[in-house]
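Engineer: Take a look at the following structure, please.
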Amino acid sequence: MELRFTPEEVAFREEVRAFIRDKLPADTRERMRLGHKPTKQDTITWQRILNAKGWAAYSWPKEHGGPGWSAIQRMIFLEENLMAPAPELLSFNITMLGPVLVEFGTEAQKRHFLPRAANLDDWWCQGFSEPGAGSDLASLRTAAVREGDHYVVNGQKIWTSTAHNADWCFCLVRTDPRAAKRQEGISFLLIDLRTPGIEVRPIISIDGSHHLNEVFFTDVRVPAENLVGEENRGWSVAKYLLGNERTGIARLGTSKAAVRRAKEVAREVRTRGRPLIEDRGFRTRVAQLEVDMKALEITQLRVVSAFAKSGGKKPDPLSSVLKIKGTELLQASSELVMDVGGPLAMPAWQQELAALANEPAPVPDWAPAMAPAYLMLRAASIYGGTNEIQKNILNKAVLGL
Amino acid sequence: MELRFTPEEVAFREEVRAFIRDKLPADTRERMRLGHKPTKQDTITWQRILNAKGWAAYSWPKEHGGPGWSAIQRMIFLEENLMAPAPELLSFNITMLGPVLVEFGTEAQKRHFLPRAANLDDWWCQGFSEPGAGSDLASLRTAAVREGDHYVVNGQKIWTSTAHNADWCFCLVRTDPRAAKRQEGISFLLIDLRTPGIEVRPIISIDGSHHLNEVFFTDVRVPAENLVGEENRGWSVAKYLLGNERTGIARLGTSKAAVRRAKEVAREVRTRGRPLIEDRGFRTRVAQLEVDMKALEITQLRVVSAFAKSGGKKPDPLSSVLKIKGTELLQASSELVMDVGGPLAMPAWQQELAALANEPAPVPDWAPAMAPAYLMLRAASIYGGTNEIQKNILNKAVLGL
Amino acid sequence: MDFDLTDDQRLLTDSVTRLLADQYGFEQRKSLLKTPMGWSERLWSQYAELGLLGLPVPEEYGGFGGGPVDVMLLMQAFGRHLVLEPYLASVVLGGTAVRLAGDDAQREEILSGLAAGETKLAFAHGERQSRYDLTDVLTTATPDGGAYRLEGAKSVVLHGDCADRLVVSARTAGGRDEAEGISLFLVDAEAPGLARRGYALRDGTRAAELSLSNVPATLLGERDAALPVIERVVEAGIAATAAEVIGAMEAMQAMTLDYLKTRQQFGRPIGDNQALQHRAAEMLVAMEQGRSMAMLAAMMVEEPDAGERARNIARAKVGVGQAGRFVSQNAVQLHGGIGMTEEYAIGHFFRRVMVIEHLFGDTAYHLDRLADEVE
Amino acid sequence: MDFDLTDDQRLLTDSVTRLLADQYGFEQRKSLLKTPMGWSERLWSQYAELGLLGLPVPEEYGGFGGGPVDVMLLMQAFGRHLVLEPYLASVVLGGTAVRLAGDDAQREEILSGLAAGETKLAFAHGERQSRYDLTDVLTTATPDGGAYRLEGAKSVVLHGDCADRLVVSARTAGGRDEAEGISLFLVDAEAPGLARRGYALRDGTRAAELSLSNVPATLLGERDAALPVIERVVEAGIAATAAEVIGAMEAMQAMTLDYLKTRQQFGRPIGDNQALQHRAAEMLVAMEQGRSMAMLAAMMVEEPDAGERARNIARAKVGVGQAGRFVSQNAVQLHGGIGMTEEYAIGHFFRRVMVIEHLFGDTAYHLDRLADEVE
């Protein structure tokens, strides 16, 4: 047992950090430093820079364009990217579609889609959730009926993140409504969002942003060659996708960046006649978060190492611990940021600022981004299996209850 | 709606406080001030003093010796007694047996037992729990078989608080093992603990104290006139007893006394080079407890008032809120006291001190009592229906879930 | 000690409840949000007709002469429907300032107009740099004949965009953070030199940034000694918003219970999950503790002992803030994805509770004040 | 970064696990508790034979030359069985002090005896008034020829009643709270003027009050400059007890799961209650987070950067303290009444975790130190 990073790992971290420092475009950097979300173009540009370096498809096998890193290296890379903070790699492309195609895709699918996914030439989104389904994924009802060399798709998806930015969508569809079990009769289809019959409607989130969508399919014709895996066996594909390496699940780098940001702004604002950074309650809250983040950092290393040791075959049920603690920390750190912002974080500045021309902004530059993450991250304990579901998983898979 | 105490209520509180200040024996006062439990004799003496004043049977109807107070007065009285802190009235006698006999007892039972219970001439204990029953009270198995003018009792009770101090025990026993429902066929019996065939065995608690017992009944002959209510209808008697006015359920006065004690000792001990009372973390923890205690104080007033308004007929399901928050505060405040005690709270001083003759105690006088309450009060969220059961009650009775 | 409503109070809540049930459905509210003003003049007039605008105004000025408990009941009803009209800003904050500090003529003129629905007030005290510190005032006032001229800026002034008259604090003496030397002024919304930039807060209610450049103003109350009045205005605001949070929690709890009972997953209502049931019970416990604290705040608004009043209102702010955070976060969580959307009511309640927590000092701020007082 | 055990480490844990499974059943332990000494000389010899007493002792003194990870593994196993022998006091605290501060002769003599099971040590630093402050030393040392005389008292000295040699801190210069001027001394258990009053802590382990009246003593390490050594001894103690808490949590979690699965209520195992299942999952999460922190402490014990070392060990103390409190409180809660009794193991684990939290600075103490460092 050696609990310190090897010199090679330390050097790797330094290399990643230096690369991000040197190559992240200045305007993106500034937006993200202030806590704003990256624009669509920020994400595309940055992923292409990383892809040119050979780092974008960080978790794929070398023969499909991956860098051939160890699990610890992957973790270090993701964490540095989040901590910078730099735009995240589009997870639909990199951690979801990519590994699925590597495992289940035809040669043609691999050849066509993988390089384009790595380079974000295609922006993918995920069509799993449906109205009324929620955590009960297998109850999905969107139907795909085979007609000659096409499937004809009818139905509705919901909570489809970034569908309005996306070119393609990988979907779960029901191809056999008479299957004995609900998990059978589901297929995994790649759908070009420019196909006629698709309508994307925005869902506005409580932070005022447009991130989620409803996607409606009306007689959408999808070429049969866009089926991944076998017909009616899409559930295995989806399970593989969801059970995949979840190195990044804790998103610890985002929490670290948030705490760092809170401390920066706490030097600028005052409470009770002195800088907030000198307030004992604030300092104690930060110290506690730093304790919890340190613990999670090590837990994450343990899970990642164990996963790598297992040959990457079996997802560690302890990754539910990462999800639970990771989202708790995302929420607690964004809550800290909001509280530091105080009254100036309460106006919905984004609308106001958008309306301004050359007038001076009515607000310090740090203020607009102090609350949105708090609002948006309430979803962190909901998506990807609610934290309640994660506890059920721990009960079943670890505790035997 | 008038949310302040009336002048009469304020004057009443003053009267109670003055009485306790003047009449509580000095040695009892000092023991309790230091956080020790009252001795058996402390409890008896104090209850008799209160009884002489007409206050011991504080919740009984006037014709049975009660003082005729309003619900608010009863609450004030209990709180002042706990806050003093003075020994609690023996709840088995006052809040359990008394009201049960008033409601269900025969004239002879009332005449004989009520005055003796008020004056603590008889020390009562409660024989409800059995091994394996726990919160599932109705699964009890101790059997009472009618033989002529006696019942013959066989079985075992557990968690019987103060049975080793007690003269009498009110018990639930199974008189009809063939009843259709488990709740039927149970009777409520008064048992003289000096009857042959009874054995009381101590259960030592994790604070090292002897408070709980197992009680074994082997062919114990109980006169049939000691049956309360009808045979096989004991469940209604028990439900009445458990659903009775629960003015004191939150035991807020004990939490208040603990926080006060913690602050006192925090002036004597140091942390990081200064008195603990000046430590911001300590002060904030106290401030938070004082917020929560204030909220509970008002919640308690609301529940007590609503109960009084209802004519005392229907126990307010919100009394589960009092139980949950009350025990959380009992635990949090005793935890604070323990933490203030620090390393000097860790030795099991009581054994050591008992072994000393005239030597000086190897410890400040505040130290021995800093940890036992923390240990003992872990039970507060277990007895009287665990806090988990209380949440079930809220779900059923209030939320309709 | 008496928790029953008087007949008048029952009448008040009944009529308000009826009005809001009728006029303040979620969809109706959403269309109000889309208007430039962000609230309804028509409803404001109805509030005036019902006597709500004069509720805490003394009877001699055409008010109802109601007390803090009446305001609590009203704000609680407003909280259940997320009422958007400037009641807090105008009646509670502005009205309290004028009532406490104004001379007879000022009270007569302004409070009568307020009760009649003819005058809307705003309370402009906070500044860009002041966060929650009531003594952090940089705006200055210079005597100018019998009146004054104000110079400076005010930040996040609740409903400052629509007010007809503004109560503005400014330094007539002393430096930043000094308790002495702050005065209150009345400023006309149309006064030269006053620029207002209105905007929406994250919960859809309105606020404004004010910039004041040589703005003519009239003294309101005693010169240099306005801090005690400002404190009482803030205390009244805390008590009123505490009640509003209770109403919001009631609404969230009801919606959540309904959702738990009707939303199906894995073939049964999600409310069959005991873990979610217990969460709902914990929300209930938090809500009831919060309710008690809102009552405490109402009870204390008129308490003559300033220390006792300040201490207990700070406690109420902490208790209600914590309850509101717990209940609103869990209401979203138990709703899942739909709770995260603009289209669904839960997120609106969530944001109202969030905004209220960050008005008049947040939980940490008041807990720190209370920590000062531990003895 | 490598979380696998080496072959030696696997051998170590296997042999210790076997020994304890065989010799340290709960009933066996209970009989030990009833003996006057409160632990087993016989087992102590077995530990010596297995090389456990020399585990962290350098090989040149007959030890195994093991590192903090080895100690972590051993203490974790000890924690699972609530081992009563004076390993922490003697090997970890006393041994570390002698190893870091002793000259060659002292190390040779004492560490060899320690490894062989012939010498037991104790670390007498805390005083009645010092609570957790390492610089709060009032005991004084006066030079007396080549040696010293000690005057004062030491409080809650772990296993101070059975030690053969005591490492005692005293002031050779400076006043209360000063970092400079503290020195360490070796005191023989039989030294004239030394009085020891032994007693049990609430978890059954032993400690003692020492009174020192003109007690002859030998300097251990540099005069006036012992604080850095004392800090490292305490850090080693924190790391060792952190591992012990992990073992205790593992045992509690296993017992609790077993209880949830077997205990019937209302006709089914109580573990069918989802609310209790989720609690168990939360205990697991806390335990795993605590385990990570115990690893961090082990990783940091030998870290050369003193600031980095102190900061991370303080974090570990906080993290393990909170995890231990949560897991042990809930283990009692889920056991119900039986968890509250002396007869049942859970309560013993509960108390061990409680005592450990209050050694070497409690959670609040270390969190406050960390708050100092926020930047």
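Engineer: Mind listing just one residue for me: the one in segment D:251-281 that is within 26 Å of the chain's Cα centre (by Cα) and either crowded, with 21+ Cβ neighbours inside 10 Å or in contact (Cβ under 8 Å) with a residue 24 or more places away in the chain (or both) and, of those, farthest from the other protein chains (Cβ to nearest Cβ)?
Structural biologist: This residue is D:Ala251.
Engineer: So if I check each of C:Leu19, C:Leu53, C:Leu32, which one is modelled with pLDDT of 95 or more, within 18 Å of the chain's Cα centre (by Cα) and in the same structural domain as C:Phe78 (by TED's automatic domain parsing)?
Structural biologist: Within the list C:Leu19, C:Leu53, C:Leu32, the selection yields C:Leu53.
Engineer: Taking the options C:Gly336, C:Gly307, name whichever one is outside the structural domain of C:Gly79 (by TED's automatic domain parsing) and modelled with pLDDT of 95 or more.
Structural biologist: Among C:Gly336, C:Gly307, only C:Gly307 is outside the structural domain of C:Gly79 (by TED's automatic domain parsing) and modelled with pLDDT of 95 or more.
Engineer: Out of (1) more than 26 Å from D:Ala275 (Cα to Cα); (2) charged (D, E, K, R); (3) part of a helix (DSSP H, G or I), what's the single condition that is false for C:Lys261?
Structural biologist: (1)
Engineer: When you go through A:Ser320, A:Ser305, A:Ser255 one by one, which is the residue that is touching a Phe, Trp or Tyr at 6+ places or on another chain (Cβ under 6 Å) and of a type in the set (Ser, Thr, Tyr)?
Structural biologist: A:Ser305
Engineer: Then there is this: May I ask you to list the residues in segment A:388-401 that are surrounded by fewer than 23 Cβ atoms within 10 Å (Cβ to Cβ), closer than 17 Å to C:Gly271 by Cα and in contact (Cβ under 8 Å) with a residue 24 or more places away in the chain?
Structural biologist: Scanning segment A:388-401 gives a single hit, A:Ile389.
Engineer: Could you check A:Glu63 against (1) assigned to a helix (DSSP H, G or I); (2) in the same structural domain as A:Arg29 (by TED's automatic domain parsing); (3) within 20 Å of the chain's Cα centre (by Cα) and say which number it fails?
Structural biologist: Going through the list (1) assigned to a helix (DSSP H, G or I); (2) in the same structural domain as A:Arg29 (by TED's automatic domain parsing); (3) within 20 Å of the chain's Cα centre (by Cα), A:Glu63 breaks only (3).
Engineer: Return yes when C:Ile238 is more than 13 Å from chain B (Cβ to nearest Cβ), assigned to a helix (DSSP H, G or I), crowded, with 22+ Cβ neighbours inside 10 Å and modelled with pLDDT of 95 or more and no when it is not.
Structural biologist: yes
Engineer: Among the residues of segment C:36-93, what is the count of those that are crowded, with 23+ Cβ neighbours inside 10 Å, small (Gly, Ala, Ser) and touching an Asp or Glu at 6+ places or on another chain (Cβ under 6 Å)?
Structural biologist: Residues flagged as crowded, with 23+ Cβ neighbours inside 10 Å, small (Gly, Ala, Ser) and touching an Asp or Glu at 6+ places or on another chain (Cβ under 6 Å) within segment C:36-93 amount to 1.
Engineer: Something else: Would you please list the contacts, defined by Cβ atoms under 8 Å and residues six or more apart or on different chains, that run from a residue in segment B:212-224 that is over 14 Å from B:Trp159 (Cβ atoms) and assigned by TED's automatic domain parsing to the domain that holds B:Pro202 to a residue that is of a type in the set (Ser, Thr, Tyr) and not in a strand (DSSP E or B)?
Structural biologist: Matching pairs, first to second residue: B:Phe217/B:Thr142; B:Val220/B:Thr195; B:Arg221/B:Thr195; B:Val222/B:Thr195.
Engineer: Something else about it: Considering only segment D:105-192, give the strands (runs of 3 or more DSSP E) lying wholly within it that have at least 1 residues that are surrounded by fewer than 19 Cβ atoms within 10 Å (Cβ to Cβ).
Structural biologist: D:140-144, D:147-158, D:182-188
Engineer: Please verify whether D:Phe64 is part of a helix (DSSP H, G or I) and aromatic (Phe, Trp, Tyr), treating the condition exactly as stated.
Structural biologist: no
Engineer: Which of the residues that make up segment B:196-211 are crowded, with 17+ Cβ neighbours inside 10 Å and out of contact with any helix residue (DSSP H, G or I) (no Cβ under 8 Å at 6 or more places or on another chain)?
Structural biologist: Within segment B:196-211, B:Ile198, B:Ile203 meet the criteria.
Engineer: Restricting attention to segment D:286-299, which residues are facing chain A (nearest Cβ under 9 Å) and modelled with pLDDT of 95 or more?
Structural biologist: The answer is D:Glu288, D:Gln289, D:Gly290, D:Arg291, D:Ser292, D:Met293, D:Met295, D:Leu296, D:Ala298.
Engineer: What do you reckon, is D:Leu11 without any contact (Cβ under 8 Å) to a residue 60 or more places away in the chain, within 14 Å of chain A (Cβ to nearest Cβ) and not in a loop (DSSP other than H, G, I, E, B)?
Structural biologist: yes
Engineer: Give the residues of segment A:265-296 that are more than 8 Å from every other protein chain (Cβ to nearest Cβ), of a type in the set (Asp, Glu) and either closer than 30 Å to A:Trp60 by Cβ or without any contact (Cβ under 8 Å) to a residue 40 or more places away in the chain (or both), sorted by residue number.
Structural biologist: Scanning segment A:265-296 gives a single hit, A:Glu278.
Engineer: Checking B:Asp149 against (1) closer than 24 Å to B:Ile44 by Cα; (2) surrounded by fewer than 23 Cβ atoms within 10 Å (Cβ to Cβ); (3) touching a Pro at 6+ places or on another chain (Cβ under 8 Å), which single condition isn't satisfied?
Structural biologist: If we test B:Asp149 against (1) closer than 24 Å to B:Ile44 by Cα; (2) surrounded by fewer than 23 Cβ atoms within 10 Å (Cβ to Cβ); (3) touching a Pro at 6+ places or on another chain (Cβ under 8 Å), just (1) comes out false.
Engineer: Among B:Arg33, B:Arg21, B:Arg17, which is the only one that is basic (Lys, Arg), surrounded by 14 or more Cβ atoms within 10 Å (Cβ to Cβ) and more than 28 Å from B:His164 (Cα to Cα)?
Structural biologist: B:Arg17
Engineer: Collect the residues in segment A:203-248 that are of a type outside the set (D, E, K, R), in a strand (DSSP E or B) and within 14 Å of another protein chain (Cβ to nearest Cβ), keeping them in residue-number order.
Structural biologist: Once the filter is applied, which keeps residues that are of a type outside the set (D, E, K, R), in a strand (DSSP E or B) and within 14 Å of another protein chain (Cβ to nearest Cβ), segment A:203-248 yields A:Ile203, A:Ile204, A:Ser205, A:His210, A:His211, A:Leu212, A:Asn213.
Engineer: Identify the residue in segment A:346-389 that is at the interface with chain C (Cβ under 7 Å from one of its Cβ atoms) and farther than 20 Å from C:Arg351 by Cβ and, among all such residues, is modelled with the lowest pLDDT.
Structural biologist: Ranking the candidates gives A:Pro362 first.
Engineer: Just one of A:Arg17, A:Arg4 is touching a residue at least 12 places away in the same chain (Cβ under 8 Å) and out of contact with any His (no Cβ under 7 Å at 6 or more places or on another chain); which is it?
Structural biologist: Checking each option against the conditions leaves just A:Arg17.
Engineer: Now for a different question. May I ask you to verify whether D:Arg351 is in contact with an Asp or Glu (Cβ under 6 Å, 6 or more places away or on another chain), closer than 23 Å to B:Thr386 by Cα and facing chain B (nearest Cβ under 9 Å)?
Structural biologist: yes
Engineer: Within the group C:Leu212, C:Leu201, which residue is over 25 Å from C:Leu32 (Cβ atoms) and surrounded by 17 or more Cβ atoms within 10 Å (Cβ to Cβ)?
Structural biologist: The conditions single out C:Leu212.
Engineer: Out of all the residues in segment C:358-375, which are without any contact (Cβ under 8 Å) to a residue 40 or more places away in the chain and either facing chain A (nearest Cβ under 9 Å) or not hydrophobic (A, V, I, L, M, F, W, C) (or both)?
Structural biologist: Answer for segment C:358-375, where residues must be without any contact (Cβ under 8 Å) to a residue 40 or more places away in the chain and either facing chain A (nearest Cβ under 9 Å) or not hydrophobic (A, V, I, L, M, F, W, C) (or both): C:His358, C:Ala364, C:Asp368, C:Ala371, C:Asp372, C:Glu375.
Here's the yes/no breakdown for (1) outside any strand (DSSP E or B); (2) outside the structural domain of A:Ile20 (by TED's automatic domain parsing); (3) over 20 Å from the mean Cα position of the chain (by Cα):
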| residue | (1), (2), (3) |
| --- | --- |
| A:Gly68 | yes, no, yes |
| A:Ile72 | yes, no, no |
| A:Met75 | yes, no, no |
| A:Arg111 | yes, yes, yes |
| A:Pro131 | yes, yes, yes |
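Engineer: Also, I was wondering about something else. Can you tell me how many residues in segment B:30-60 are at pLDDT 95 or above and either among the basic types (Lys, Arg) or assigned by TED's automatic domain parsing to the domain that holds B:Lys263 (or both)?
Structural biologist: 3
Engineer: If you check every pair at least six apart or on different chains, which have Cβ atoms under 6 Å apart with a residue in segment A:50-65 that is without any contact (Cβ under 8 Å) to a residue 60 or more places away in the chain first and a residue that is of a type in the set (Val, Ile, Thr) second?
Structural biologist: Short answer, once both residue conditions are applied: A:His64/A:Val102.
The values are calculated or read from the model by the stated rules, or taken from the named source; none is laboratory data. All values derive from a computational prediction rather than experimental measurement. In this analysis, Cβ positions are derived from the backbone assuming ideal geometry, glycine residues included, and neighbour counts consider all displayed protein chains.
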